[in-house]
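Below is one structure; the comments refer to it alone.
Coordinate-derived values only; no laboratory data. Everything numeric in this text was worked out from a predicted model, so none of it was measured. Positions of Cβ are generated from backbone atoms using ideal geometry, with glycine treated the same way; all protein chains shown enter the neighbour counts.
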Amino acid sequence: METLNHSKDSLKEADAVFVRLYKEVFPTVARYIAKRGGTLDKAKDVFQDALIIYYEQHICNGSVVKQTEMAYLFGIVKHLWINHLKLDVNYEPISNDQMAAVEKPYEEIAEVRLTSLLMKAGDRCMQLLKSFYYDKLSMRLMAERFGFTSERSATVQKFKCLEKMRGYIKDKILQYEDFIK
Amino acid sequence: MRTSLNELRKLEKYLQKQLNPQDQLLLDAQLLLDKDLKDNLCLQQKCYRLINAYGRAQLRSQLNRVEEELFSQPVHKKFMQQVSAYFK
């Protein structure tokens with residue numbers, strides 16, 4: 001299975017992986033959801049959610065799924081669709097791997113507010129923190145991608161960015177407390 | 001690394017349960033006694049949640065872009081037609 005982040009110039013490669021997954025898996029998903037009375041837009045939404053779950057559970061850390069990629073992704077889609085409908089009719093059990101993938105809390109935070117809050121920490125800092133904590137890039141790749149001379153300097157910068165972010169959140173909380181007193 | 005960065009590293013290891021048992025116990029005790037340290041731990045946890053949410057928002061933007069391309073570019077016409085046919 002290709003890994004998305006284990007190279008320096010990963011954006012185009014990441015797009016290519018997702019294009020492949022859409023082309024290979026989405027037609028099956030579309031047919032499944034159309035048969036169950038869903039719309040194309042709903043099928044797109046469910047598939048996108050499934051891709052996010054799949055990415056967070058496996059692609060970004062390079063772990064291997066036991067089933068084929070299509071079966072695994074489709075399993076997540078079915079689980080999401082069933083949750084959406086809250087029906088037990090035609091329920092098809094999914095494997096433990098798939099269940100574990102969808103049981104993890106799936107929080108969404110208002111995007112506009114989040115982005116404006118986080119960008120205060122600086123775009124480079126946010127990209128660095130996202131690459132390490134969300135994309136799970138190794139320190140070696142972090143050093144390469146962000147132009148650090150060593151893994152150690154990448155680590156130091158990571159913690160500096162985290163400290164900056166922590167300080168900003170603390171200030172925001174204090175400001176709110178002053179306002180409500 | 002300076003002291004403040006070392007604190008971040010230690011708290012991170014604590015949250016990931018990567019400290020050895022003695023250091024874990026010591027930090028448990030410090031967190032009970034030092035309010036600032038406990039506050040910093042909570043703030044750091046908030047940071048990780050926000051970074052995760054930011055990462056997910058960026059991924060969603062990327063997927064929206066890929067989807068937009070697949071459903072609008074002539075080079076993907078066959079794919080569009082195949083999928084649209086199921087909803088007629």
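What does the net charge come to around B:LEU15 if you take all other residues with beta carbon closer than 14 Å to its beta carbon, with K and R at +1 and D and E at -1?
Once positives and negatives cancel, what remains is +4.
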By how many degrees, between 0 and 90 and to the nearest 10, does the Cα long axis of helix B:3-15 differ from the longest principal axis of chain B? 70
Set the Förster distance to 25 Å, then compute FRET efficiency between B:LYS17 and A:GLN127 from the Cβ-Cβ distance, nearest 0.05. 0.35
Between A:LYS170 and A:ASP15, how high is the FRET efficiency from 1/(1 + (r/R0)^6) when r is the Cβ-Cβ distance and R₀ = 30 Å? Nearest 0.05. 0.25
Order of A:VAL19, A:VAL46 - criterion: other Cβ atoms within 10 Å of each residue's Cβ, fewest first: A:VAL19, A:VAL46
Just to be sure I follow the rule: in chain B, considering lysines 8 or more places apart or on different chains, how many pairs have Cα atoms under 26 Å apart? 13
Quick check: residue separation of B:LYS46 and B:LYS88 times 0.36 nm, minus the Cα distance between them. What number comes out in nm? 10.5 nm
On a 0 to 90 degree scale, rounded to 10, what angle separates helix B:35-70 from the longest Cα axis of chain B? 10
